[in-house]
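Step one of this worksheet: look at the structure below.
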Amino acid sequence: MRKYAGFHEIRFKIPDYHFQILQDMAMYLYEAKAIDKPNLHSFGRFCIMQVTNANIVLMCQWKSVRDRHLQQQQRPYNNNNTSS
């Protein structure tokens, strides 16, 4: 499989008992014109984007809080109570 410039490949396994329902959902979304192709790859991309778009604000807030926390941990402690 060749890698396309600017893209990352994501692979995951689907249990056999989920395969048919996921394949049917991909066909439904294709016929509803929500995805470009009636396959699991398009369905997976669609799901990832839906979850990301639904949670983008929360993710940005989490990232901001996390970055602030990491910056505070990296600052050296100034001990002004040193005695001579």
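No value in this document is a laboratory result; all are computed from the given coordinates. As the structure is a prediction and not an experimental result, all values here were calculated from the model. Using ideal geometry, Cβ is built from the backbone for each residue, glycine included, and neighbour counts are taken over all protein chains shown.
Annotations for the structure displayed:
- With the helix formula -39500 (n - 2.57) applied to DSSP H stretches of n ≥ 4, the chain reaches a computed 222 nm mean residue ellipticity of -21500 deg cm²/dmol.
- Measure of compaction for the chain (Cα Rg per 2.2 N^0.38 Å): 1.91
- Normalising the average separation of contacting C-alpha pairs (under 8 angstrom, six or more residues apart) by the number of residues puts the relative contact order of the chain at 14 percent.
- Highest-MSF residue in the chain out of 72, 61, 50 [GNM, Cα springs under 10 Å]: 72
- ³J(HN,Hα), Karplus 6.51/-1.76/1.60, whole Hz, each residue of the stretch 66-75, x for Gly, Pro: 4, 5, 4, 5, 5, 5, 5, 6, 7, 5
- In nm, spacing of pseudo-spin labels at residue 56 and residue 14 (7 Å Cα→C-beta vector): 2.6 nm
- Gain on full stretching of the segment that runs from residue 70 to residue 31 - 0.36 nm per residue minus C-alpha separation: 9.4 nm
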